[in-house]
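Notes for the one structure printed next.
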There are 2 protein chains.
Amino acid sequence: MLNDNPTNQQVLKHTALMDAGKRLFIEHGYQKINAKQIAAEANVATGTFYRYFEDKASLLLAIWDRDFQHHLPHVNPSMPVWQTIQATIQQELDDLAEFGLLNVVTSVSLYNEAVAEKLAAENAESRLVLERILKTAQATGQIRNDINLRLAAWAIMTIVHELVLQDEAQHTQVTDLENLISAMLSPR
Amino acid sequence: MLNDNPTNQQVLKHTALMDAGKRLFIEHGYQKINAKQIAAEANVATGTFYRYFEDKASLLLAIWDRDFQHHLPHVNPSMPVWQTIQATIQQELDDLAEFGLLNVVTSVSLYNEAVAEKLAAENAESRLVLERILKTAQATGQIRNDINLRLAAWAIMTIVHELVLQDEAQHTQVTDLENLISAMLSPR
């Protein structure tokens, strides 16, 4: 971690380590890379790595905090709810596509507790926002009454995330995705 | 691999290695376990491990072939299509729940090509079967015409798999899941 008053030099090294780690994780996979290689790629000594990061997982979490911005949509009450849902889905797709480490994070989350917790928390947050939007829409008759909205919000988030993870997004039109979700939600 | 005419002793060792590997992978995670530990757990010499399996990934693939039976539903033309879809979903849920290594396989697929290929092939097979069922149903007016059935089949499979992977199944009623999927598919 950086201390409270870092020198320029410290900020540069900290940034270089995050950039190097991200590059190497994406190119070779998290498992195959160690602190020594990351330090070398960042042109710093291995000891320097450990001055800033406790371990490889801490570095991954730091990259995540820096590069993965959840742009949660501002729910505008004057906007038709379906438009808000569409905007939420599109935002989520864009955010995920920008965050190149999604595969790495998902893989590491299967055995690293800190990463798993952060992933679960991020997913829970997205899902709660969407669930709230769906509830508002249901209250105004824009969404069918006979589905479980908690499950619907989970299912929509899951589909959007897996589209990106499984490279399925390449074969999918966003309009097809929106049609499918609209079919699931629209009242008869 | 077992040769064509294995002795009883060979079959026993082969089975013991698969059982031991499955136990250890589930308990400690695939990454933390090596061939030596699996051999010890199976009460055989480490060299014996390599007489039957090229490496750890080969063992995992062998366990998979032995224990994960895809029970693809027989599509009965006299059965209402929605019932066939429900049966397919239920079968998929049961199959996944039975196969305790799903988390391990998903994690390993992110960096092992043979495992990734097998997982992709299994998923593609499930999806094709479901897509065929949906097409038949659409032709007989039981499914709406305005959705992409390839995407719908993918989305349904993904939701069912992730329900199991994310432990979401614990909080989910199968009827809620069926309602959601029915909402997505039913004609207006």
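Pairwise Cα distances in the protein assembly as shown exceed 35 Å for 37 percent of all pairs.
Along the range A:150-165 the Karplus relation, 6.51 cos²θ - 1.76 cosθ + 1.60 evaluated at θ = phi - 60°, assigns HN-Hα couplings of 4, 5, 4, 4, 4, 5, 5, 4, 4, 4, 5, 5, 5, 3, 6, 4 Hz to successive residues, with x for each Gly and Pro.
Placing a label point 7 Å from the Cα of A:VAL11 along the Cα-to-Cβ direction, the distances to the matching points in the other copies come to 7.1 nm, shortest first.
Where does helix B:56-67 land angle-wise versus the long Cα axis of chain B, in degrees 0 to 90, nearest 10? Between the helix axis and the principal axis of chain B, the angle is about 50 degrees.
Under the Kirkwood approximation applied to all pairs of distinct alpha-carbon atoms, what is the hydrodynamic radius of chain B in Å?
With all distinct Cα pairs of chain B included, I get 18.5 Å.
In this label model, A:ARG132 and A:GLU54 are separated by 3.0 nm, measuring between points 7 Å along each Cα→Cβ vector. Axis angle, to the nearest 10 degrees, between helix B:81-98 and the longest C-alpha principal axis of chain B: 20 degrees.
Of the residues A:HIS14, A:THR84, B:SER182, the one whose Cα sits farthest towards the positive end of the charge dipole of the protein assembly as shown is A:HIS14 (charges of +1 on Lys and Arg Cβ, -1 on Asp and Glu Cβ, taken about the Cα centre). A convex hull fitted to the Cα coordinates of the range A:8-66 yields 68 cubic angstrom per residue.
Projected onto planes of every orientation and averaged, the convex hull of the alpha-carbon atoms in the range B:86-150 covers 5.2 nm².
What ranking, highest mean first, results for peptides A:116-129, B:126-139, A:99-112 when packing means the other Cβ atoms within 10 Å averaged over each residue?
A:99-112, B:126-139, A:116-129
Using alpha-carbon positions, what is the distance between the centroids of the range A:88-135 and the range A:137-168, in Å? After rounding, the separation between the Cα centres reads 14 Å. For B:ASN76, the distances from its label point to the matching points in the remaining copies are 5.4 nm, ordered from shortest, with each point set 7 Å beyond Cα toward Cβ. Descending by average beta-carbon neighbour count within 10 Å, the peptides A:151-159, B:24-32, B:55-63 line up as A:151-159, B:55-63, B:24-32, the highest first. Residue by residue along B:137-149, Cβ atoms of other protein chains within 10 Å of the local Cβ number 2 on average.
For B:ASP4 and B:ASP67, what is the calculated FRET efficiency with R₀ set at 30 Å and r taken between the beta-carbons, to the nearest 0.05?
Here the calculated transfer efficiency is 0.85.
Sorted from nearest, the other copies put their B:GLN91 label points 4.2 nm away, the label point being 7 Å from Cα in the direction of Cβ.
Computed on the range B:68-185, with alpha-carbon pairs under 8 angstrom and 6+ residues apart, the relative contact order is 27 percent. Take the Cα of B:ALA116, step 7 Å toward its Cβ, do the same at B:ASN34, and the gap between the two points is 2.5 nm. Axis of helix A:8-28 versus longest Cα principal axis of chain A: the two differ by about 70°, to the nearest ten degrees.
Across peptide A:101-111, the mean count of Cβ atoms from other chains lying within 10 Å of each residue's own Cβ comes to 3.
Could you please tell me the mean projected area of the C-alpha convex hull for the range A:75-115, averaged over all directions and given in square nanometres to one decimal? Provide the component values of the computation, followed by the final result.
Details: hull surface 15.8 nm².
Taking the Cα atoms of the range A:75-115, their convex hull projects to 4.0 nm² on average.
Within 10 Å of the Cβ of each residue in B:150-157, the mean number of Cβ atoms contributed by other protein chains is 5. The ranking of B:ASP4, B:ASP67 from fewest to most other beta carbons within 10 Å of each one's beta carbon is B:ASP4, B:ASP67.
What sits nearest the axis between copies B and A, counting only chain B Cβ atoms, is the residue and whole-Å distance B:MET184, 2.
Largest GNM mean-square fluctuation among B:GLU178, B:GLU98, B:GLU54, using chain B with Cα springs under 10 Å: B:GLU54.
If R0 equals 35 Å, the separation of the Cβ atoms of B:GLU98 and A:THR46 corresponds to a calculated FRET efficiency of about 0.15. Run the reach check for A:LYS36 against lysines, Cα to Cα strictly under 20 Å, same-chain hits fewer than 8 apart removed. What comes back? Straight-distance partners of A:LYS36: A:LYS13, A:LYS22, A:LYS56.
Just so you know, all these numbers are worked out from the coordinates, no wet-lab data involved. This structure is a prediction, so every number in the text was calculated from the model and none was measured. A quick note on method: Cβ atoms are made from the backbone with ideal geometry, for glycine too, and the neighbour counts reach across all protein chains shown.
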